[in-house]
Amino acid sequence: MKRVVLHVVVAVLLIVIVLIAVIAIVRDGSTESKSVQPFYVGVTFSGGSVADAKLLIDKVKDYTNLFVMQSGSLMYDLNATEEICDYAVDAGLNIILSYTHNSRGSLYNILNTAPTRWGNHFLGIYYNDEPGGKMLDEERTLYNPTTQQFIYKMQDKTIQCSISNSTTQLSHTIYSMSGAITTRTRPLPVFDWHRPGDPIVNDDLDIATSPADDIIFSETVYYPNGTICYTTSNASSIDRTLTYQPDGRVQDDFGYLVSDQGNISQFQTYQEVYSLLPVQTYSDVAYLYIVNQQDGLSVFDDSLSSIRLFTSDYALYWWDYQSGYDVVFAQLGWNNSVVQEVGLVRGAASLQGKSWGMIITWTYTHPPYLIGGEEMYSQMCASYEAGAEYVVVFNYAGDMSGAFGTLQEEHFCALERFWVDVVQNDDVVQGGIRSEVALVLPKDYGWGMRGSEDNIWGLWNADDTSRQIWVQLQNKLAQYGLKLDIIFDTPTHGIKYNQIYYWQPPKIS
């Protein structure tokens with residue numbers, strides 16, 4: 001009997017030892033998994049003084065590990081930037097420095113010292129801002145290196161194209177949303193060309209024309225119904241406008257018929273002129289967006305290829321990555337959907353082998369600008385559990401003052417709570433909610449997705465496809481939440497998902 005009891009006791013002890021070992025292994029594995037993929041959380045600094053930057057660093061250094069220098073004025077001050085970054089690194093923080101194409105000189109200066117001065121604490125360069133959002137919502141200049149055309153995308157979705165077809169002649173074509181196409185031909189003037197991505201100063205191509213009164217140019221307007229209006233003018237007055245009708249009639253400015261000005265056959269047809277539109281498909285625009293972004297990022301040549309490139313955006317993440325960015329921060333603000341932004345940026349990053357993060361930005365255009373601390377904490381938690389490698393709080397407003405800008409005490413409390421309860425908590429796993437399902441959208445479909453009526457590439461209005469996708473998207477987000485990725489049709493889109501849905505079920509042949 002005693003021997004039986006002894007065996008039982010020994011067996012129980014062995015079971016306990018094994019359980020303890022298993023728990024230790026699981027705990028060690030959990031801890032290790034949190035450290036395999038680094039995680040960074042921090043704030044941006046957009047103030048104008050070294051003293052304010054140091055105050056903000058002192059405020060957050062115990063519960064963040066990232067400081068983003070995003071000061072528009074201090075980026076030009078190398079000494080101030082170095083002093084602030086030295087202070088941040090000495091406080092144990094990692095740093096990202098923000099620059100634009102307008103501050104390239106300062107960028108080169110800082111890159112001469114940053115990698116060696118701050119070592120692994122220097123994470124990279126935040127270069128330019130919201131390229132995708134600006135494509136959707138602002139005027140953009142795109143250059144086609146194949147045709148050597150400059151293509152101007154206006155806010156009203158008008159497209160203006162210009163090309164010099166000889167050393168003396170300029171052809172300029174305007175494709176309006178009404179359907180009318182206007183071509184202008186004039187002697188080649190002096191140009192102030194924009195670099196790709198620069199804003200447009202006016203709608204006349206920044207042409208510095210000669211003051212001479214004898215410069216003659218012509219304008220031809222093609223209408224969808226086949227009517228063509230032809231105008232010749234000089235710098236001081238309009239000479240004549242002739243209207244060519246499809247039925248053969250030709251009328252002057254006053255509507256009188258004329259018979260000595262040829263007929264409509266001397267012009268190209270509307271269809272022929274429309275066929276010259278350089279952006280007829282979504283893929284046309286995707287190509288131009290990518291090559292122009294790559295041109296802007298070409299400042300990071302081979303000698304700087306090891307520099308990690310960051311940006312933040314609120315749309316078109318897929319093509320930001322294709323353009324060359326290593327990390328995109330999806331913007332959480334304006335009451336947009338956290339699960340939708342996670343699905344878009346995580347899907348784009350994971351299929352292209354890139355990193356991603358979230359930046360919590362404005363919800364209001366007036367004080368307090370940012371959401372409350374409790375909601376901010378929830379957004380940070382959701383981002384972390386969905387696998388974000390970065391969570392940043394945007395800290396800027398035009399009327400901000402003092403070191404802390406738009407950040408209030410409730411936001412600092414949210415950051416500290418997130419750091420203690422989540423980042424430092426082995427029981428909360430970064431990426432614990434994995435992407436298991438994908439919704440596949442059409443290839444190169446650059447749709448803003450801020451609502452069913454959002455525009456496509458800033459050039460087309462929403463259509464039936466947009467509305468159909470929107471319904472599908474809302475259903476899948478409600479069904480799968482943070483487990484859903486939103487991706488675009490690509491040969492590798494099926495490599496990592498348990499379930500794939502298409503915006504439109506494939507036809508069975």
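Only the coordinates and a few stated rules stand behind these numbers; no lab work does. Remember, predicted model here, so these are calculated numbers, not experimental data. Neighbour counts are summed over all protein chains in view; Cβ atoms, including those assigned to glycine, are modelled from backbone coordinates with ideal geometry.
Quick one: what are the phi-derived ³J(HN,Hα) couplings along region 37-46, Karplus 6.51/-1.76/1.60 with θ = phi - 60°, whole Hz, x for glycine and proline?
Residue by residue, region 37-46 yields 9, x, 10, 10, 9, x, 10, 9, 10, 10 Hz.
Ranked from highest to lowest mean number of other Cβ atoms within 10 Å per residue, what is the order of the peptides 357-364, 297-304?
The peptides rank, most packed first, as 357-364, 297-304.
First select every other residue whose beta carbon is under 9 angstrom from the beta carbon of Gln155; then total the charges, Lys and Arg +1, Asp and Glu -1.
Once all neighbours under 9 Å are counted, the net charge is -2.
Where does each of 88-100, 386-398, 459-471 land if you order them by average Cβ count within 10 Å, highest first?
Result, highest mean first: 386-398, 88-100, 459-471.
With θ set to phi - 60°, apply the Karplus curve 6.51 cos²θ - 1.76 cosθ + 1.60 along region 130-147 and write out the HN-Hα couplings as whole Hz, x wherever there is a Gly or Pro.
Along region 130-147, the couplings run 6, x, x, x, 5, 4, 6, 10, 10, 6, 9, 9, 10, 10, 9, x, 6, 9 Hz.
Between Thr365 and Ser401, what is 0.36 nm times their sequence separation minus the Cα-Cα distance? Round to one decimal in nm.
11.3 nm
Given the peptides 323-335, 74-86, arrange them by the average over their residues of other C-beta atoms within 10 Å, most packed first.
Listed from highest to lowest mean packing, they are 323-335, 74-86.
Can you give me the C-alpha center-to-center distance between region 435-471 and region 248-292, rounded to a whole angstrom?
30 Å
Near the amide H of Leu441, under 5 Å away, which other amide H atoms are found, from residues 5 or more places off or on another chain, if H is placed in the peptide plane?
For Leu441, whose amide H was placed from the backbone, the distant partners under 5 Å are Ile487, Phe488, Asp489.
Is region 437-502 best put as rounded, prolate or oblate by its Cα gyration tensor, with a ≥ b ≥ c the root eigenvalues, rounded for a/c under 1.5, and otherwise prolate when a/b is larger than b/c, oblate when not?
Here region 437-502 falls in the oblate category.
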